[in-house]
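Structure first, commentary second.
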Amino acid sequence: MCGGFTCSKNALIALNILYVVVASILISVAVYGRASSLVTNLPIVGGILACGVFLILISLLGLVGAVKHHQVMLFFYMVILFLLFLVQFSVACACLTVNSDQQEMLARQGWNKVNMDVKERVQERFQCCGFQSRAPENGTAEHPSCQIVDKICCQNVFNPVGCQCEPCMGKLKETIDYAFKLCGGIGLFFSFTEFLGVWLTVRYRNQKDPRANPSAFL
């Protein structure tokens, strides 16, 4: 097993480069999760996004500390990375434990908050009409008209007479569920690499640089 100073140093540098890649993946997934829902803020998904941004900054600190074998930088890097592991692990678990009722509540809150233009985009994107029930054909003050989206839903139907789009709640819940599960799964998986980073930093920090002055290791 490789356990020397140089091996630990190179492993920590490689791990922090991996963290940059991991953070980019977390940010991309969180942005996709927020964009795919349209009508919801998904605050937990925003937590994954924040973890991704913070992980990039921490990885830069870890790279500098690993290259220089800087005791103080490695100490703060180790502590902050462990705290980030706890936060990301908690947020990921929260994403995976959101139940159907909570998803419906998020969808309803989002639908009630957005304006008519966003509702129209949601209806056209998901090919649905209204939230839990269809809105009147000409729309209301709270719901846009279904005439345009009904044509989209029924354009490939052999007999379009009486064809109508379904309410949006089911499709929005499916999208929110997918966003939570995707962000939670990826966040949970990569959080354990941060715990590995803490362990490797502790090990590397306690090793002496054979090329350095022995008195410099304090």
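If the condition is being surrounded by fewer than 24 Cβ atoms within 10 Å (Cβ to Cβ) and touching a residue at least 12 places away in the same chain (Cβ under 8 Å), then region 174-188 contributes 175, 177, 178, 181, 182, 184, 185, 186, 188.
Among residues of region 1-14 that are over 14 Å from residue 74 (Cβ atoms), none has a beta-carbon under 7 Å from a residue that is at pLDDT 75 or above and surrounded by 15 or more Cβ atoms within 10 Å (Cβ to Cβ) at least six positions away or on a different chain.
Of the residues making up region 7-27, those that are under 12 Å from residue 197 (Cα atoms) and of a type in the set (Gly, Ala, Ser) are 8, 11, 14. Suppose we keep only residues that are crowded, with 20+ Cβ neighbours inside 10 Å and either under 30 Å from residue 210 (Cα atoms) or among the aromatic types (Phe, Trp, Tyr) (or both) within region 79-114. Which one would you say is farthest from the chain's Cα centre (by Cα)? Step by step, filter region 79-114, then rank; the result is 111.
With respect to the conditions (1) assigned to a helix (DSSP H, G or I); (2) of a type outside the set (Ser, Thr, Tyr); (3) closer than 19 Å to residue 29 by Cα, residue 98 falls short on a single one, namely (1).
For region 20-64, the candidate set comprises residues that are more than 22 Å from residue 86 (Cα to Cα) and buried (at least 17 other Cβ atoms within 10 Å of the Cβ); within that set, the residue that is modelled with the highest pLDDT is 34. Might you check whether a residue that is in the same structural domain as residue 24 (by TED's automatic domain parsing), outside any helix (DSSP H, G or I) and not hydrophobic (A, V, I, L, M, F, W, C) occurs anywhere in region 44-67? Checking region 44-67: not a single residue is in the same structural domain as residue 24 (by TED's automatic domain parsing), outside any helix (DSSP H, G or I) and not hydrophobic (A, V, I, L, M, F, W, C).
The values are calculated or read from the model by the stated rules, or taken from the named source; none is laboratory data. It should be emphasised that the depicted structure is a prediction, and the values quoted were computed from it without experimental measurement. Ideal geometry is used to build each Cβ from the backbone, glycine not excepted, and the neighbour counts take in all protein chains shown.
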